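**Q** Here's a structure for you.
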Amino acid sequence: MSVFPNFFLVGAAKSGTSSLYHYLRQHPEVYMSPIKEPHFFCSHHFPARFTGPGDEEFSLAAIRRADQYRALFQSIQTETVAGEASVFYLCYPDTALRIHAWNPQAKVVAILRHPADRAFSAYMHLVRDGHETLSFEQALDQEDARMAAGYRPLWWYRRLGLYSDAIDHYRRVFGPSQFKVFLYEDFQDPSQVIRETLAFLGLNPDVPIDTRIRHNASGVPRLRPLYRFLQQPHPVKEWAKRVLPQGPSSRASHWLKNRLLARPQMRPQTRQALISFYRADILRLQSLIQRDLTSWLDDTP
């Protein structure tokens, strides 16, 4: 009897996990959890309520009981792969062992982004949603204080880019046949990432997957009221979903949202400081995954 879920997309946050989650949902043999990020296997580390601005919804959405978690997969029909995508499974050391105890045969995928770019994208994500009010440099200075005060991990801009310990742990727990790492740069060809993921999962990689939509992009909304209307539930949008073809309307909404986002650049001095902070971890990661990461040590944007 199959144990579900048998596939985990474990992060990193702001590295393309939302897009891969939505792309995989299109495959007829793949069932993805209706809650994208249940975070069940690290929720024992969570406080009852995270305290950062906008963290209330995340606190309420986290799945903390096994029966609630199993219920996420009760609608599986003929799918052979069932998965979820919790982006903070990389930042808590015992998560790999907890997933393995649930399903030793599970397959796990991680997507890693240049850690300085990932940090800035997480910052811009919270700016986009109206929660972050400090400059990036001020926010980096406040990171330890925010962690101590109980902000959710998305606010840990610098800390979440230290990948090597987590990657080493997942490799040791699951082995190379059950654990695969992509780089954010691989998404320059999303169709190839999909094909490799499906092959890794033992599925037909030739099923057409629409990769035109870029999901959950970060940036500063140029017209915040319009962006908020597109981002949040609204009766008009619910009516449109019922009367308009779902595929084209969804693509149009995502296209417009992404067009509304301005994408400022990180200050060069800040980038240089972050790369210096990450240098040793990047070199260790390069050895672990056998990928050339010398471009990650370049301090130009």
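We did not get these values from a lab; they are worked out from the coordinates using the rules stated. On a predicted model such as this, the values are computed, not experimentally measured, just so you know. Note that each Cβ is placed from the backbone with ideal geometry, even for glycine, and that neighbours are counted across all protein chains shown.
**Q** Are there trypsin sites (Lys or Arg not before Pro) in region 133-223 that DSSP puts in a loop and that have at most 11 other Cβ atoms within 10 Å, and which ones?
**A** Here the trypsin sites (Lys or Arg not before Pro) that fit, given the DSSP loop and packing criteria, are R212, R222.
**Q** With a ≥ b ≥ c the root eigenvalues of the C-alpha gyration tensor of region 38-81, is it rounded (a/c under 1.5), prolate (a/b larger than b/c) or oblate?
**A** It comes out prolate by the Cα gyration axes.
**Q** Would you mind computing, in nm to one decimal, how far apart the modelled labels at D298 and Q142 are, each placed 7 Å from Cα along Cα→Cβ?
**A** Using points 7 Å along Cα→Cβ, the separation is 3.4 nm.
**Q** Distance from the Cα centre of region 56-89 to that of region 145-216, in angstrom?
**A** The distance from the Cα centre of region 56-89 to that of region 145-216 comes to 17 Å.
**Q** From the square roots a ≥ b ≥ c of the eigenvalues of the alpha-carbon gyration tensor of region 1-87, which class results: rounded (a/c under 1.5), prolate (a/b over b/c), or oblate?
**A** Oblate, since a/c reaches 1.5 and b/c is not below a/b.
**Q** Stretch R172-L288 to full length: gain in nm at 0.36 nm per residue minus the Cα-Cα span?
**A** The span from R172 to L288 would gain 40.7 nm if fully extended.
**Q** So, one more: Which peptide among 34-41, 64-71 comes first, and what is the full order, when sorted by highest mean count of other Cβ atoms within 10 Å?
**A** 34-41, 64-71
**Q** Still on this structure, please answer the following. Summarise the long-distance tail of P(r) for region 18-142 by giving the % of C-alpha pairs beyond 26 Å.
**A** 29 percent
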